[in-house]
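Structure, as structure tokens:
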Amino acid sequence: MGMNPAAINFPDDIDTGKVIQAIQARKRVLLQEDNSSPIEYKVKPVFIETCNREIDFLLYLEFKTKRLRESSFNPTKSFVSIEDLIIKPCELRNADKYDKPSEWPLNINFILDKIKHSPPPDSPYFEEFKPSRRHWLVTDFVLAIEVAKALPVYEQIETKDRLLLLEFVGIINAILLQTYYSYEQNSDTIKVPDGFMPIKFGPKDRPKNKLAIEIFCRSVETLRRVGINRTEYVLLQAIIYCYFAIDGLSDQARSILQKEQEKYTLTLLRYMQNQYGISAGLKKFSEVIPLVETFTYFVTRHKQFHIFMQLEAKKRHACKEMPHALDRILLK
């Protein structure tokens, strides 16, 4: 910002050079007196006009997702396959038709006490909560697919590519959703809307299990360390939804997704520079973008934990409830 002194038309009897020197000297004095960081200029208002509509749309989808997630909506039993999901109307439009379960939040200490005094392997400690019982990773995976269905880019790619893409990015954004929700709730571990915290349930040694700590606690620590807000979160989600480096995608789908991902990436960068300043915004951007690969890594760890839990269930002759479709994805 600021005016260029050399561009000012001074009267003929004024020594322009001396005036400019005086102005520059005064600016140096003012900068020395200012103990704050050097002044940085934010992105011009034209950015707001260009990108706000895109951001507002993503925030609207997030609002609907949160509303649906905190309601009685429970796809645990009805989820059959991604193929089945994508041909149905987007469930986000029905978010206002569901109510929040009256028993939420659950009395976690009461449940833990019942677990403690119930004989394994068929402890009936969840019977009181059976109407609302759900598998939260299934729920969040379905919600991730519902958001994807609302994105215009998904209309532009073939069904085969869409299925391949959603199988990959759906689980990443489901885990990111769980993590961001927990981070927003100021929780140190994954915490879902009914109050359930996976790290507190399961085998007695789970709180000491390094794999469990990594997926249920360190994922939340990662977001807290970076410190993203809701707008940055939805733009990060959008970037993940357009992940194009997947084996088997057609060249046409790759091209479309790459172009869309570049758009969201640039929007995120400009948003951050508008919010924090050019240099600080770029620094924050360089911290947020690697989260794409970080949460891809957390998916891998989730898959390992899923296999571990299956083996534990077999040892106890217990049956783990998970739809076959998601089970197949986690075992890939």
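The values are calculated or read from the model by the stated rules, or taken from the named source; none is laboratory data. Here the structure is a predicted model, which means the values were calculated and not measured. Glycine also receives a Cβ, built like all others from the backbone with ideal geometry; neighbour counts cover every protein chain displayed.
Summary of computed values
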read-out	value
Flag for Ser219 being surrounded by fewer than 15 Cβ atoms within 10 Å (Cβ to Cβ) and out of contact with any strand residue (DSSP E or B) (no Cβ under 6 Å at 6 or more places or on another chain)	no
Cross-chain or 6+ apart pairs with Cβ under 6 Å, region 209-224 first and within 20 Å of Glu287 (Cα to Cα), then of a type in the set (Gly, Ala, Ser) and at pLDDT 95 or above	Val220/Ser182
